[in-house]
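The values are calculated or read from the model by the stated rules, or taken from the named source; none is laboratory data. Note that this is a predicted model, so its numbers are computed, not measured. Every residue, glycine among them, receives a Cβ derived from its backbone with ideal geometry; neighbour counts consider all protein chains shown. Keep in mind that these areas ignore ligands, DNA and RNA; they rest on the heavy atoms of the full protein, side chains included. Shrake-Rupley method; radii C 1.70, N 1.55, O 1.52, S 1.80 Å.
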Amino acid sequence: MVSQITRGIKISVLTSFEGTYFKNYKIHFAFSYEIKIENHSKDSVQLISRHWEIFDSLSTIDFVDGEGVIGKKPVLKPGESHTYNSGCLLSSPYGAMKGYFNMVNFTSTKTFKVIVPTFRLCAPFALN
């Protein structure tokens, strides 16, 4: 598990290899990840959008931007947390993801970025 705190918001990520499958005559490596967002600040905040950089050792970097996370824009009061699960497909057994969440502070009404630390995606059979 990797964790990082930005402006009182703690992001923790836990990853898992889900398996391989063939589609269109090509092998795909499936990974899942669980992200926990904890508000350790004194203000209520809301996650409004996300930005991902997905690294695949056999492909180019993919950039993904979108509103919320899995269709939600959670509001976190001080001391609250939000956990969600998602996943990605790679063309290789090695990769990584990193990014950030754009959040708004309800007290100051200002937006800010919360860093999602780099987390590795690695199939266990590929470890040396």
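Just a yes or no: is a residue in the stretch 45-62 over 15 Å from the mean Cα position of the chain (by Cα), surrounded by 15 or more Cβ atoms within 10 Å (Cβ to Cβ) and of a type in the set (Val, Ile, Thr)? Yes, the stretch 45-62 contains at least one residue that is over 15 Å from the mean Cα position of the chain (by Cα), surrounded by 15 or more Cβ atoms within 10 Å (Cβ to Cβ) and of a type in the set (Val, Ile, Thr).
Filter the stretch 1-31 down to the residues that are in contact with a His (Cβ under 9 Å, 6 or more places away or on another chain) and within 30 Å of residue 110 (Cα to Cα), then identify the one that is surrounded by the most Cβ atoms within 10 Å (Cβ to Cβ).
First, the residues of the stretch 1-31 that are in contact with a His (Cβ under 9 Å, 6 or more places away or on another chain): 5, 8-10, 20-22.
Next cut, within 30 Å of residue 110 (Cα to Cα) only: 5, 8-10.
Values: 5: 15, 8: 15, 9: 22, 10: 16.
My answer is 9.
Taking the stretch 46-92 as the range and being among the charged types (D, E, K, R) and out of contact with any His (no Cβ under 6 Å at 6 or more places or on another chain) as the test, the residues that pass are 50, 53, 56, 62, 67, 72, 73, 77, 80. A Cβ distance below 7 Å, combined with a sequence gap of six or more or placement on separate chains, defines the contacts here; from the stretch 94-105, residues that are more than 25 Å from residue 28 (Cα to Cα) reach no residue that is open to solvent by 20 Å² or more (accessible area, probe 1.4 Å) and of a type in the set (Phe, Trp, Tyr).
Considering only residues in the stretch 101-117 that are hydrophobic (A, V, I, L, M, F, W, C) and within 27 Å of residue 1 (Cα to Cα), the one that is most open to solvent (accessible area, probe 1.4 Å) turns out to be 115.
Checked against (1) farther than 30 Å from residue 123 by Cβ; (2) open to solvent by 60 Å² or more (accessible area, probe 1.4 Å); (3) among the acidic types (Asp, Glu), residue 34 passes all but a single condition, namely (1).
Restricting to the stretch 12-31, and then to whatever is of a type outside the set (A, V, I, L, M) and within 19 Å of the chain's Cα centre (by Cα), can you tell me which residue is nearest to residue 58 (Cα to Cα)? Filtering first and then ranking leaves 29. Taking residues in the stretch 59-76 that are modelled with pLDDT under 95, and partners anywhere that are assigned to a loop (DSSP other than H, G, I, E, B), the pairs with Cβ atoms closer than 7 Å and at least 6 places apart or on different chains are 59/91.
Could you say which residue among 38, 34 is within 13 Å of the chain's Cα centre (by Cα) and closer than 15 Å to residue 2 by Cβ? Walk me through how you get there before you give the answer.
Numbers: 38 fails: within 13 Å of the chain's Cα centre (by Cα).
Only one candidate passes the filter, namely 34.
With respect to the stated conditions, residue 29 is over 23 Å from residue 10 (Cβ atoms), at pLDDT 95 or above and in contact with a Pro (Cβ under 6 Å, 6 or more places away or on another chain).
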